[in-house]
Amino acid sequence: MPMHWRSGPSRYWAHCFWEPGMREGCAMAMANALQLAPPGTGSLRAASQQQPRDRWLLMRLLAAGQSTPRLAERLIEEQGSLGSVLTTSEERLRQLGADSNGIAILNLIRETISVVLERGAQDRLPVEGGLALAEAMFSEMAHLTVEQVRVAFLDAGRKLIRIEVMGTGTVHVAHIYPREIARRCLELSASAVVLIHNHPSGDPTPSPEDIQVTRKVRKALEAIDVALVDHLVIGRKGFLSFSECGLK
């Protein structure tokens with residue numbers, strides 16, 4: 001069964017938020033990635049009025065790291081890569097010595113990565129699958145300690161309308177209500193959806209229950225002429241696409 005396994009980014013990105021003089025450069029790079037003017041250019045204020053989430057993230061990233069100069073190195077040594085650190089649970093991070101400030105910084109990095117990838121997904125989501133969405137959601141969902149269900153609603157051109165949390169459960173299960181998904185499709189005038197849920201165990205292999213609920217959702221959506229494009233399962237080890245695996 002084909003899966004998409006994840007490897008960690010370069011150590012450079014771990015150092016860039018903590019080493020003196022490097023945070024500003026990273027903020028400029030992140031601003032470019034978010035299609036914002038870099039700090040200090042008079043247009044940042046105008047851009048941030050339209051993108052309040054971007055402004056908040058960039059301001060926090062610039063201020064981050066003042067009190068944790070050695071935390072990044074310690075976490076990388078223990079976990080092996082930034083990718084592994086970013087998908088580590090808060091409980092495990094505390095065991096490794098991260099305080100509340102350090103955990104807040106890592107959450108900011110996760111959210112910033114998610115912003116960049118989610119916007120890219122809006123432009124490049126392929127008609128036949130939702131792998132761009134899996135990339136976008138990985139940083140947000142892989143580290144969750146309980147199962148969560150999100151639904152990506154797509155328009156007739158398979159472009160992203162919005163992503164919503166449609167259910168949160170326990171370590172082992174999250175309830176999915178096909179009728180609620182169908183109702184929301186009608187409210188948003190969606191023509192297609194992608195189901196996304198995580199496995200806190202880390203293994204994205206779908207369970208028999210995952211396959212069964214996918215069929216129920218597909219049946220409910222067919223009744224209102226909405227397509228189920230894909231069901232993505234995300235774990236710390238990687239993610240799996242139902243459509244790529246031929247699961248229905």
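Please treat every number below as a calculation from the coordinates, not as lab data. Just so it is clear, the model here is predicted, and its values are computed rather than measured. Positions of Cβ are backbone-derived with ideal geometry, glycine not excepted, and every protein chain shown enters the neighbour counts.
Taking the Cβ of each residue in Asp203, Asp230, Asp210, Asp225 as the centre, tally the other Cβ atoms inside 10 Å and list the residues starting with the fewest.
Working: Asp203 15, Asp230 25, Asp210 20, Asp225 8.
The order, fewest Cβ neighbours first, is Asp225, Asp203, Asp210, Asp230.
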* Difference of contour (0.36 nm per residue) and Cα-Cα distance, Thr168 to Glu73 -> 30.8 nm
* For the stretch 86-117, run through the trypsin sites (Lys or Arg not before Pro) and keep only the ones in DSSP coil with at most 13 other Cβ atoms within 10 Å of their Cβ. => none
* Structure fact -> Exposure-ranked with fewest Cβ neighbours within 10 Å first, Leu86, Leu96 stand as Leu96, Leu86
* Asked: By the scheme Lys and Arg +1, Asp and Glu -1, what is the net charge of all other residues having a beta-carbon under 9 Å from that of Glu164?
  -> +3
* Under a 5 Å amide H to amide H cut-off, with H placed in plane at 1.01 Å, what residues pair with Ala227 once short-range neighbours are removed? -> Ala192, Val193
* **Bins of 10 Å from zero: percent of alpha-carbon pairs in the stretch 130-245** => 15, 52, 30, 3
* How large is the charge dipole for the stretch 130-245, taken about the Cα centre, if only the Cβ atoms of Lys, Arg (+1) and Asp, Glu (-1) carry charge, to the nearest 20 debye? -> 160 debye
* Each residue of the stretch 89-98 in turn: what ³J(HN,Hα) in whole Hz from Karplus with 6.51, -1.76, 1.60 and θ = phi - 60°, glycine and Pro shown as x? -> 5, 4, 4, 5, 4, 5, 4, 8, x, 6
* **Rough spin-label spacing in nm, given labels placed 7 Å along Cα→Cβ, for Asp155 and Leu186** => 2.2 nm
* To do: Once you have the Cα-Cα distance between Thr145 and Asp203, take 0.36 nm times their residue separation minus that, and quote the gain in nm to one decimal.
  => 19.6 nm
